Structure formats: structure tokens, C-alpha cells
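**Student:** Please see the structure below; I have some questions.
Derivation of every value follows stated rules applied to the coordinates shown; laboratory data play no part. Here the structure is a predicted model, which is why all the values come from computation and not from measurement. Note that each Cβ is placed from the backbone with ideal geometry, even for glycine, and that neighbours are counted across all protein chains shown.
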Amino acid sequence: MKKLETLLVEEKEGIAIITLNRPKAMNAINDTVMEEFGYLFSEGLDMASLKGIIITGSGEKAFIAGADIKEFMELDVDGGTKKSAFGHKVFDSIENCPVPVIAAINGYSLGGGNELAMACHMRICSDNARFGQPEVNLGLIPGYGGTQRMIQYIGKGRAMELLLTGDMIDAVKALEYGLVTHVTPQEELIPTALKILSKIASKGPRAVAGIIKTVNAYFDNTVNGFVKEINFFGEAMGSDESKEGVNAFLEKRKPEFRK
Ligand code: DAK
């Protein structure tokens with residue numbers, strides 16, 4: 001893997017922990033951060049060997065406080081459109097990653113940072129986390145898929161209110177809204193993410209990748225999710241993985257799935 005400037009990557013028992021490391025800027029996403037996420041999810045991470053990925057922010061104050069506002073001044077219509085298209089491509093690669101990705105949100109999750117969290121398969125947060133899409137305060141709208149993904153998680157009415165007011169919500173409200181699935185004390189955040197991913201790691205990797213693909217198909221209006229499910233189910237039935245799962249059940253033993 002090439003040397004990265006803004007992202008730290010460590011691996012623990014097949015689980016990669018990616019830490020956005022710009023604490024002085026509240027881990028804001030600048031062009032380098034976006035390029036480095038693009039690199040990791042296209043070629044940098046060895047998906048064949050990984051069983052899970054955690055994305056978090058450095059320090060205890062911020063997950064990601066949005067896109068780097070200092071870079072906005074240089075943008076015009078063309079630059080903004082290009083930046084948005086590239087960001088969409090990178091976040092889509094996270095959403096479509098065959099390995100489960102958890103956002104471990106350890107503080108402010110704002111703007112582009114919250115959009116990144118929403119591109120992950122699951123979100124959990126520490127009890128000091130705060131969520132918001134403050135783009136409207138800057139005369140902008142979310143540019144990395146936030147208007148679309150937020151509706152998927154919290155529904156149209158709540159999404160409209162958050163997007164239009166730019167207000168922040170706390171961890172308890174985020175849990176109530178369904179934006180996150182667990183709230184933990186700060187020190188238990190990464191252990192909780194590791195626990196969830198370790199559980200998934202004991203399942204069949206083909207089935208895990210198939211579930212991610214089929215669930216995502218629901219939100220892709222170019223494909224029929226039900227047809228995808230039928231096709232994937234058929235493929236899964238014919239796989240060594242399902243044979244191992246079924247045999248293990250019948251033989252009253254734990255299945256041994258291989259990557
Ligand atoms: N960008 C750059 N620097 C940031 C930053 C950000 N988003 N957020 C914080 N910082 C920096 C601050 O400038 C400050 O730097 P120094 O003054 O120390 O040099 C340092 O981090 C500490 O911040 P504060 O002193 O403000 O810390 P507080 O605890 O008082 O407040 C805060 C924390 C997170 C509430 C506050 O920093 C804040 O409101 N930050 C800005 C939040 C925000 O508005 N984020 C941007 C949302 S808009 C696009 C696609 C997507 C987007 C844009 C374009 N295209 C396709 C073109 C997305 C836009 C957004 O994300």
C-alpha cells in the first residue's frame with residue numbers, strides 16, 4: 001500500500017481501521033482525503049483478505065466536521081461539479097464495498113463527513129457525537145449524496161428539517177431517528193465496532209457480500225432488487241459456502257467459512 005498523508009490504516013485480525021487524521025482541522029475532508037479514500041477503496045485495501053472495515057476520526061472531538069471550507073473559495077461551477085462527481089464515485093465505492101464498512105463516529109459528524117458516514121453500511125457513535133448537514137448555512141447543498149442517503153435512513157420529513165435548518169442533532173436523537181444503531185461511551189466505540197465486525201466475520205463472505213449487494217439494489221432504480229435477490233439466492237445455493245453452512249448445521253458443528 002502506498003504511503004498516505006491524511007489517513008492512518010491499521011489492520012487487526014482481518015479488520016482494517018481507517019482513521020482520518022487531520023485533528024487540527026476537525027478531520028475536515030480536503031482533496032487529499034478524498035483522493036486517499038478513493039485509492040483505498042479502489043486498489044489500496046486488499047478486499048480479498050479483509051473481513052471488515054472501520055472508518056473513524058482522530059481525537060475525541062470530531063469524526064469529520066465536513067468538507068474543508070478553506071478549499072471552497074477556489075471553486076466555480078465547473079470545479080464544484082467535478083468535485084461532486086468525484087466525491088460521489090468515492091462514496092459509491094464505499095457503499096458498494098463487498099466487505100462490511102462501519103462508521104465509528106467519535107464526535108462531530110457534519111456535512112461531507114456525515115455524508116461519508118451515510119455511505120457506510122452501518123453507523124455507531126460515541127455519546128458526545130453530533131450530526132448535521134450545515135451546508136445550507138454556507139449557501140450550499142450537500143454535494144456527496146447526502147440529500148438522497150439521509151432520506152433512506154431517517155425519512156423525508158426529518159431529512160427535510162435537518163437539511164433545511166442546518167441544525168445538529170445529538171447521539172440520542174440520532175439513535176431514535178435510526179441514523180445510528182448503537183451509542184457507546186467514547187472508549188467503547190472501536191471495541192463495539194470490532195465486536196459487530198467480528199461477528200459478521202464468522203459468516204460466509206459470499207453471503208455477506210451478496211446481502212450488501214442485494215440491500216443496496218433496493219435503492220438503485222436502475223436494477224430490480226427482487227430480481228437481484230432471486231439471482232443471488234440461486235448462486236448462493238450452488239456455492240461451497242452454503243454447502244458448508246448447511247452441513248455444519250446438520251453435523252451440529254460451527255461452520256468454517258473461507259474467504
Ligand atoms: N473545514 C476546515 N476547517 C475546519 C472545519 C471545516 N469544515 N471545521 C473546523 N475546522 C477548523 C477550524 O477552522 C479551527 O481551525 P483553527 O482556527 O484552530 O485554525 C479548528 O478546526 C477547530 O474548530 P473550532 O475552533 O471551530 O472548534 P469548536 O469546537 O469551537 O467548533 C465545530 C467545532 C465543528 C462546531 C465548528 O468547527 C464548525 O462549525 N465547523 C464547521 C462545520 C461546517 O460547516 N462544516 C462544513 C459543512 S459543509 C462539495 C461537496 C460537499 C461539500 C461541499 C462541496 N462539492 C462537490 C463542491 C460539503 C460541504 C460541507 O461539508
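**Student:** Using a/c under 1.5 as the rounded threshold, could you call region 1-43 rounded, prolate or oblate? The axes a ≥ b ≥ c are square roots of the C-alpha gyration tensor eigenvalues, and prolate needs a/b larger than b/c, oblate otherwise.
**Tutor:** It comes out oblate by the Cα gyration axes.
**Student:** Once you have a ≥ b ≥ c as the square roots of the Cα gyration tensor eigenvalues for region 195-259, tell me rounded if a/c is under 1.5, and otherwise prolate or oblate according to whether a/b is larger than b/c.
**Tutor:** Oblate, because a/c is 1.5 or more while a/b does not exceed b/c.
**Student:** Here's a follow-up. Taking a ≥ b ≥ c as the square roots of the Cα gyration tensor eigenvalues, with a/c under 1.5 meaning rounded and otherwise prolate when a/b beats b/c, else oblate, which class fits region 107-248?
**Tutor:** Oblate is the answer for region 107-248, as a/c is 1.5 or above yet b/c matches or exceeds a/b.
**Student:** Quote the charge dipole size of the chain about the Cα centre in Debye, to the nearest 20; the model charges only the Cβ of Lys and Arg (+1) and of Asp and Glu (-1).
**Tutor:** Charge dipole, the chain, about its Cα centre: 720 debye, nearest 20.
**Student:** For region 24-77 and region 122-148, write down the distance between their C-alpha centroids in whole Å.
**Tutor:** 14
**Student:** Given the pairs 199/254; 24/61; 203/243; 213/259; 83/156; 12/51, which are separated by over 20 angstrom at their Cα positions?
**Tutor:** Flagged as over cut-off: 83/156.
**Student:** Going toward the positive end of the dipole of region 104-201, with +1 on Lys and Arg Cβ and -1 on Asp and Glu Cβ, which of 174, 197, 146 do you reach last?
**Tutor:** Looking along the dipole axis, the top candidate is 197.
**Student:** In a shell of Cβ-Cβ distance under 15 Å around residue 68, excluding residue 68 itself, what net charge do Lys and Arg (+1) and Asp and Glu (-1) give?
**Tutor:** Around residue 68, the charge tally is -4.
**Student:** Return the long-range amide H neighbours of residue 22 (sequence gap of 5 or more, or a different chain), with a cut-off of under 5 Å between placed amide H atoms.
**Tutor:** 27, 58
**Student:** Kirkwood-based Rg over Rh for region 6-156 (C-alpha set), two decimals?
**Tutor:** 0.94
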